[in-house]
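Step one of this worksheet: look at the structure below.
What follows is calculated from the coordinates using simple rules that are stated; it is not laboratory data. In this text, all values refer to a predicted model and were calculated from it rather than measured experimentally. Note: ideal-geometry Cβ built from the backbone for every residue, glycine included; neighbour counts use all protein chains shown.
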Amino acid sequence: MKNKYSIFSLVKNAFNYHENWQRAWKDPMPKKVYDIVIVGGGGHGLATAYYLAKKHNINNIAVVEKGWIGGGNTGRNTTIIRSNYLWDASAGLYDHALKIWEGLSQELNYNVMFSQRGVMNLAHNLQDVRDLKRRTHANRLNGIDAVYLSTEEVKKFCPIINTSTDIRYPVLGGTLQRRAGTARHDAVAWGYARGADAMGVDIIQNCEVKGIKRNGDSVEGIETTKGFIKTKKVGVVAAGHSSVIANMAGLRLPLESKPLQALVSEPVKPIIDTVVMSNAVHAYVSQSDKGELVIGAGTDDYVSYTQKGSHQIVEGTLNAILELYPIFSRMRMLRQWGGIVDICPDASPILSKTSIKGLYFNCGWGTGGFKATPGSGDLFAHTIANDEPHKLNAAFNLNRFVSGDLVDEHGAAAVAH
Amino acid sequence: MFLINCPYCGERDQQEFKAGGEAHIERPKQPTELSDDEWAEYLFMRKNIKGVQFERWNHAHGCRKWFNMVRDTSNDEIKAIYKMGEKPPSQ
């Protein structure tokens, strides 16, 4: 990389009052022809382009993004990273991602602020206890670190949790994955963009896809707001808008797009040094490096592309937060927002070829795609480059909805849906 | 969050209702003769339109009756509401 970030480059640029830093990625107009076009410049799309260039030596790639990179769900999620999923296929997929996270800042020469502060999942009823114990065992059989905690151990690990037995949904125990944690979401998009750009990938922002041109059963190119781009391979990584792109190609996907909300509080001093999730009462919370509490709320149950969401969803989450953490009762919330998540019937993603040659989809991450960003990019790049899935994403094909081999992860998904 | 004009109860808050997904997906007349592809299409594949979409809704915390709705999913504007069994309005 020509402009490597280091302590020396920092000192050198300090002499120029930091006025001579080069831009991290260019702002090109699209060329007429590309080998591969990635639709969607979020973390997953940029990571896909990065690994296509890095591992498969394909450099004539464009990433087209209708807004600005990382402006969709990449910049809207609650940044939780973990791999404690139930089934073998999911364990393989998410732990592959977690392993890449562990070396990502060094690899990208860009600080993604990956922090392995642990993720705790709470149990509030006997079924939760059984499910979480089962999941802990399944995780350990798959080589994923997981421990089951008693109520006292939960309290010891995170002292501000209310473990009193007379709350509406008492804490009966929990699981802990210590390797799990958080990362800086924007930095992930920027780091991958910078890395991909350095290898010749064109990142084209404010360029919306308007149509997919087909010749019979194969892709010929895409119509965009910046003109027609000829290409034989299109990888769609459009999250909540995946169905919109699929409809352009005459495909139907097993997805429903729904608003998912999150909110942050005013910044306060460090109070919670881990991530605590509770599916049963639907509350999850961590604290950002700025000091804001980062709180994930739920999805609305109707299809909507409005990036808003309903007030009662936020109210329900805050009720649960207040019962679990009475210490937060006088905190003020600073901002609230929504993102559109594409939800699969089995709460597992799709990284797959389609019935149209040269058209690939990476979608259906639903409410928990951020954690998989590096692994998703790596495996999707493999799928596009070889026209065959990697063994780690073979189970996540579109055909599973025909064969019935669903990967039911409703229990381990971030948000119950 | 928006208001929904239930055809039986009148205007109520959206949180009284349950969304029932895409409308007018017909149950296969001869289930035993369906291929796996056709089952997948019926069970899982959805239009998931950004724009005007036909949906089923249930007044779960009210009269508990089902009805149909035409709604623009890009701005949550409700275009029409009609009872089950009635013909969908032409756009």
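One equal scatterer on each Cα of the stretch A:190-298, no solvent, Debye formula: the resulting log10 I(q)/I(0) at q = 0.16 Å⁻¹ is -0.92. Note on chain A: GNM, Cα springs under 10 Å; of A:Ser352, A:Ser83, A:Ser150, the largest mean-square fluctuation is that of A:Ser150. Normalising by residue count, the stretch A:274-335 has a Cα convex hull of 106 Å³ per residue. Placing R0 at 60 angstrom, the Cβ-Cβ distance between B:Arg27 and A:Phe15 gives a FRET efficiency of 0.25 after rounding to 0.05.
Computed on the stretch A:60-152, the Cα convex hull volume stands at 163 Å³ per residue. Its DSSP H runs of at least 4 residues, each contributing -39,500 (n - 2.57), put the calculated 222 nm mean residue ellipticity of chain A at -9000 deg cm²/dmol, to the nearest 500. Using a simple spin-label model with pseudo-atoms 7 Å out from Cα toward Cβ, A:Met199 and A:Ile7 lie 2.9 nm apart. Averaging the Cα positions of each part gives two centres, and for the stretch A:87-104 and the stretch A:265-287 these lie 23 Å apart.
For the stretch A:328-394, the fraction of C-alpha pairs farther apart than 14 angstrom is 65 percent.
Distance between the C-alpha centres of the stretch A:380-401 and the stretch B:1-79: 32 Å, rounded to the whole angstrom. Within the stretch A:22-44, list the residues whose amide N lies under 20 Å from a label point set 7 Å along Cα→Cβ of A:Asn206. Residues passing the 20 Å test: A:23-32, A:39-42. If I take R0 = 30 Å and measure r between the Cβ atoms of A:His137 and A:Arg252 in this structure, what FRET efficiency does the formula 1/(1 + (r/R0)^6) give, to the nearest 0.05? The calculated FRET efficiency here is 0.20.
Kirkwood hydrodynamic radius of the stretch B:3-83 from all distinct Cα pairs, in Å?
Numbers: mean 1/r = 0.0718 Å⁻¹.
Over the stretch B:3-83, the inverse of the mean reciprocal pair distance is 13.9 Å.
If you average 1/r over all unlike Cα pairs in the stretch A:286-407 and invert the result, what Kirkwood radius do you get in angstrom? Let's see the in-between values first.
Working: mean 1/r = 0.0585 Å⁻¹.
Across the stretch A:286-407, the inverse of the average 1/r is 17.1 Å.
Annotation: the antiparallel percentage among DSSP beta bridges lying fully within the protein assembly as shown is about 80. How many percent of the alpha carbon pairs in chain A exceed a separation of 30 Å? In whole percent, the long-distance tail amounts to 41.
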